[in-house]
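Before any comments, here is the structure.
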Ligand code: HEC
């Protein structure tokens, strides 16, 4: 009887290996699927921006301009986005109004979203591609929405 038992071990081992392999593949798929559905870990590609911008625009309903102001402060956007001489980036004053006109096919919120997560896609005339490109990873969607809410509420430039 020992002989017949050992003669079955070959196929059993093969079956066990096949099942293990299947489980491994299933686990890999499950992992890939979970990773893909986590918004923060997925890099935002230029091609995804219209839909991502729409999501951010929807998140705007719950956004707070005050929270956005605090985020702009803590992420030190104003190191570059200052007013007056010596600035390396456009001023935020009146940006809500300008943002609506920058890209005709985009709303102001969509344009601001793109400017933050993918600043190299559209460069404001006269400025270099000098804005850090990693804010898409450093900010959550909700934080981006707060910032957009604040920029949209920025009053028009009194000098204009
Ligand atoms: C190291 C400098 C630098 C920092 C820091 C920086 N930016 Fe910028 N930003 C730029 C430059 C330069 C431009 C103009 C070129 C372009 O359009 O990308 C710009 C453009 C923009 C625009 C479009 C402005 C317009 O008038 O159309 C927005 C919106 C913006 N930045 C938001 C932010 C926010 C929000 C932060 C902080 C979370 C930030 N930036 C941090 C350099 C910077």
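Taken together, the values in this text are just the output of simple stated rules run on the coordinates, not laboratory data. All figures in this text were calculated on a predicted structure; none of them were measured in a lab. No Cβ is skipped: glycine too gets one built from the backbone with ideal geometry, and neighbour counts run over all protein chains shown.
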With 0.36 nm assigned to each residue of separation and the Cα-Cα distance removed, residue 156 to residue 102 gains 17.9 nm
Honestly region 46-152 on the Cα gyration tensor test (a ≥ b ≥ c root eigenvalues; a/c under 1.5 rounded, otherwise a/b vs b/c for prolate or oblate) is just rounded
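With a 10 Å Cβ neighbour count serving as the proxy for reagent exposure, in which order, fewest first, do 116, 82, 95, 72 appear? Don't jump to the answer; show the numbers that get you there.
Values: 116 20, 82 14, 95 23, 72 17.
Taking fewest neighbouring Cβ atoms as first place, the list is 82, 72, 116, 95.
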Residue 138 and residue 73 label points (each 7 Å along its Cα→Cβ direction) are spaced in nm at 1.7 nm
If each part is reduced to its alpha-carbon centroid, region 49-81 and region 91-141 end up apart, in Å, by 11 Å
Taking 113, 122, 75 and counting other beta carbon atoms within 10 angstrom, the fewest-first order is 122, 75, 113
